[in-house]
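The values are calculated or read from the model by the stated rules, or taken from the named source; none is laboratory data. Being a predicted model, the structure only gives us computed values, none of them experimental. So basically every Cβ, Gly included, is an ideal-geometry build from the backbone, and we count neighbours across all protein chains shown. Side chains are part of the model used for accessible areas, which takes the heavy atoms of the whole protein and leaves out ligands, DNA and RNA. Shrake-Rupley method; radii C 1.70, N 1.55, O 1.52, S 1.80 Å.
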Amino acid sequence: MLKIIGVIALALTVFWVGRLFSQKVKYRVGVLEQTVRMLVCMENEIRYGNTDVLTMSERIARMEGCDRLCFLSHAAEQCKAGEPFEKAWKNQLNLCAGEMSLNGDEIGQLMMFGEVLGTTDVEGQMKNISLYQEFFQEALHTAREEAAIKGKLYQSLSLLASAAVIILAV
């Protein structure tokens, strides 16, 4: 009896680990979608509102559909406490990087974006934002393809591995 409960628990664990990996891949797509949305909003704020980076970050952090970009609101809070924006952006991005499910290159690009944000004239910022929009659009496209393939793969493999555990144990 105890053996059966142990086998079932092990099989369920294997299955849920596969589901977790599948959800992580899909979560990354959501974060990248919100990053692209953030860049579009920043472009509009700078072009039409001539908004400073602190105010812009606060507004975007409060927007619906940007909840996965937790570093924005935290960086704004840190700036209010007297920290320079570039340093606050970098600190908070480092703290939130793990929960955002982005790869190292994407985090690096966000870091570099934070370094140049607000440091040039309006035209220079538009060019920088355009450059980063291109990068994150491509990353989003790749992530969607990966999610479609790997998401199903993780679920299928976890189901097969769970079945294998049950068969081998019985």
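A single member of THR51, THR35, THR55 is among the hydroxyl-bearing types (Ser, Thr, Tyr), touching a residue at least 40 places away in the same chain (Cβ under 8 Å) and more than 27 Å from ALA164 (Cβ to Cβ), and it is THR35.
Residues that are of a type in the set (Phe, Trp, Tyr) and open to solvent by 60 Å² or more (accessible area, probe 1.4 Å) within segment 108-140 are absent altogether. Applying the set (1) touching a Phe, Trp or Tyr at 6+ places or on another chain (Cβ under 6 Å); (2) open to solvent by less than 20 Å² (accessible area, probe 1.4 Å); (3) free of Cβ contacts under 8 Å to residues at least 24 places away in the same chain to ALA88 leaves exactly one unmet item: (1). Exactly one residue among ILE167, ILE149 is surrounded by fewer than 15 Cβ atoms within 10 Å (Cβ to Cβ), of a type in the set (A, V, I, L, M, F, W, C), in a helix (DSSP H, G or I) and within 24 Å of the chain's Cα centre (by Cα), and that residue is ILE149.
Restricting attention to segment 12-68, the residues that are assigned to a helix (DSSP H, G or I), among the hydroxyl-bearing types (Ser, Thr, Tyr) and open to solvent by 20 Å² or more (accessible area, probe 1.4 Å) add up to 4.
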